[in-house]
Every structure is written in structure tokens, then in C-alpha cells.
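The structure appears below as C-alpha cells.
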Amino acid sequence: MGKITFRRSLTALAVVASLGMAMPALASDSGFINGNSINSSGDKLGGVSVTIVNVNTGLSRTVLSDSDGVFRFPLLPAGNYTMEASKDGYLLSKQEGLVVSNSGKTNINVALTSDSNMERIEVTGAAVMVIDISSSESLTIVDQELLTRVPIARDLSSVALLAPGTAFGDGSFGEGSAIEGNPGFVSFGGSSLAENAFYINGLNITNFRKGLGGSSVPFDMYDSFEVKAGGFGAEYGRALGGVVNATTKKGSNEFHAGVNLYYEPGSLRSDRDQVFQDGGILHEINNETERDSLQGNIWASGALIQDKLFYYVMFNPRDVEVETEQPSTTSTDTSTSTFSGQSH
């Protein structure tokens, strides 16, 4: 038997710069807010000035509700927002804690009270998310809060498996990469593993050559994921299975920095079963495979220009070593060939 050792040391430097100006965004990298302005009696109230502000970047937009009291903020970068609604003769209404996700819709009703013979009052509260009955899309949102509460592996396949109707596909299509630590590829609703699409910040990073998986960035750079298992829009073309739409972290007006380290020793991993051919011939040795992984992240984010230009930078050194055993094979003329080698 021969031992094959694969070792790879990789240092990745990833930089994200984002503009906080009111500019068009990709449909798959933005969300929107729909709302209705009403009075204290529940009647429609038009001509209300509604202003939203991104808590982290200071992005601000203002619209007027129409005669039916309807207003809409399209193409909003994902994040947390505050909202203020005002109209002459009415008290100011303020909402906090509005969350906008990628490709998602936030619905809210804004109620204004007449200020006649009343003191000025500022109302603060959080909007309640309602079920969107206008869409048949099967969508699972995985954000940082969920990632801190649910123990999952640090890869896109494990994130996709959080959605209903997903499962690991047939291993004959490929079992991922031992070097990268990818456990395999995911099937959505019984579809082929080659019928999925993957996006990062609206950019299609699917492996177009094989159709299996796609490019990636260090896992700690991801901010949120949208796992679409069906009913998604036409902008996600050439995907008959599912779509994973990820966004990376972005800078804000405040400076932040951090360091973290991850170590996965091969000695603590469970053994896999051996693989035998017909006749009991050993084909693949799995219980001798060891994979040691060590990686770290050094990151910083902040503003280059307040409320305008932001940065997020990460330094990601990695050291992965995989050792596998290969069985000796015997040909029909009784001569023995041993496949072995070492690669660094």
C-alpha cells in the first residue's frame, strides 16, 4: 500500500469596497420595502413623506405615498433601517428595526395620528414581518444570528441543507474536495446536482464547465445566504434545481476589526467505511484518511468617506494537509503494481 499526501498552504486576501450612495443595485443583491400610510381610523392617507435611513451606512431615501397611501422603496441594500413618516397636521411616526434581506420584501403599515389639540408624541417600535402571499417562492434565509445558534459546517453545501427538500446527491457525481473540506454537492427537490446556481453579491459563480458547485470566498466573509428551493424569478436563469444567493460582509461608518482561528485535527474525525469491489477486493481505503486543517482570519472594516465609501478587508491564511492510503492492485498475469506517490 502507498500513502499519498496532499498539502496546500493558501493565503487569501479578499477586499470588498461598497458605495453607500443611492444607486441601482442588482436584483439578486437587494431587497425592497412596501408599505401603506393610514390614519388613526385605518383610512388611506396620501401625500405622506416617508424617509428611511440605513443604520450602518447612513444611506437615506425619501418618497411620498400616493393617493391610496401606497409607498415603495425598491433596490435597497440589505441591512437594518429606521423609518420616519410625516405629514402636515399629523404627528411624526417613527419605526425602528426594519430588516431588509436580499431579494426579500418587507411589508409595513404606517399609522399617523392627527395633532389637533394634542401634544407632540414620537412613537418608536419595530415593524412586524408578515407572510408574503404574493409570491410562490420557496425561500430560506440564513443570517448571522442563525449561524451563531445552529451548529453547521462552514461551507455552502451545509448552508443549503438547512432548506427543506434538500439532500446530499449521488456520490458518483463527485464528493467535493478533501482539500477544500467540501463534503459534497446538494440536490434540491430531487433535481440533478448539476442544475443548481450559486451567486455571491449578485455575481454568478457557478462552475459552468461541470455545473457542480462554484467558486467561493473565505466562509467568514459571508454575511447572509438565501437558499431558493423553487419558484424563484427569471433573473436566476439556467437553474432547474435550486439557487444559493450569498452576500459578503460590508463596511460601515464605524471601525471594526477582529482575529479568529480554526483548527480541525484529523485525529478527532470519525472513520469512513472501506470500499470493496466484487469478490471482496479492497478498492478504497477510507479509515486511514486523515485531514488536518488550520486557518485564521484577520479582518477590518470601516469608512473611507463617511456615509459614502466603505471597505471590508480580510487576510485568510490556510494550511490543509490530507493523507490517504491506496491499496495495491494485482493484474491478471499475477504481476503486482503499487500506486503510490507524494505531492506537496
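Taking only the C-alpha atoms of region 22-112, Rg followed by Dmax gives 12.8, 40 Å.
Using only alpha carbon pairs under 8 Å that are at least six residues apart, calculate the relative contact order of region 22-112 and give it in whole percent.
38
For region 180-281, place one equal point scatterer on every Cα, skip the solvent, and apply the Debye formula. What is log10 of I(q)/I(0) at q = 0.17, 0.21, 0.22 Å⁻¹? Debye output, listed in q order: -0.93, -1.11, -1.15. Stretching Lys94 away from Ile298 to a fully extended chain increases their span by 69.6 nm, per 0.36 nm per residue minus the current alpha-carbon distance. Measuring between alpha carbons in the structure, the pairs from Lys105/Lys210; Lys44/Lys105; Lys228/Lys308; Lys44/Lys228; Lys44/Lys94 lying more than 27 angstrom apart are Lys105/Lys210; Lys228/Lys308; Lys44/Lys228.
Summing charges over neighbours of Ile38, with a neighbour being any other residue whose Cβ is under 11 Å away from its Cβ, gives -1 when K and R count +1 and D and E count -1. Placing a label point 7 Å from the Cα of Tyr311 along the Cα-to-Cβ direction, the residues of region 246-281 with a backbone N closer than 19 Å are 248-259.
Here the gap between Phe255 and Gln277, fully extended at 0.36 nm per residue and compared with their Cα-Cα distance, gives a gain of 2.1 nm. Length gained on full extension, Asp115 to Ala167, computed as 0.36 nm times the residue gap minus the Cα-Cα distance: 13.0 nm. Using θ = phi - 60° in the Karplus curve 6.51 cos²θ - 1.76 cosθ + 1.60, the 3J(HN,Hα) couplings for region 208-218 round to 6, 6, 10, x, 9, x, x, 5, 8, 10, x Hz; x is entered for Gly and Pro.
Based on Cβ point charges of +1 for Lys and Arg and -1 for Asp and Glu, what charge dipole magnitude is obtained for region 22-112 about its Cα centre, in debye rounded to the nearest 20? Intermediate values should be presented prior to the final figure.
Numbers: 6 positive and 7 negative charges, 16 e Å.
Its charge dipole is roughly 80 debye.
Taken together, the values in this text are just the output of simple stated rules run on the coordinates, not laboratory data. Only a predicted model underlies this, so the values are computations on that prediction, with no experimental measurement involved. Neighbour counts are summed over all protein chains in view; Cβ atoms, including those assigned to glycine, are modelled from backbone coordinates with ideal geometry.
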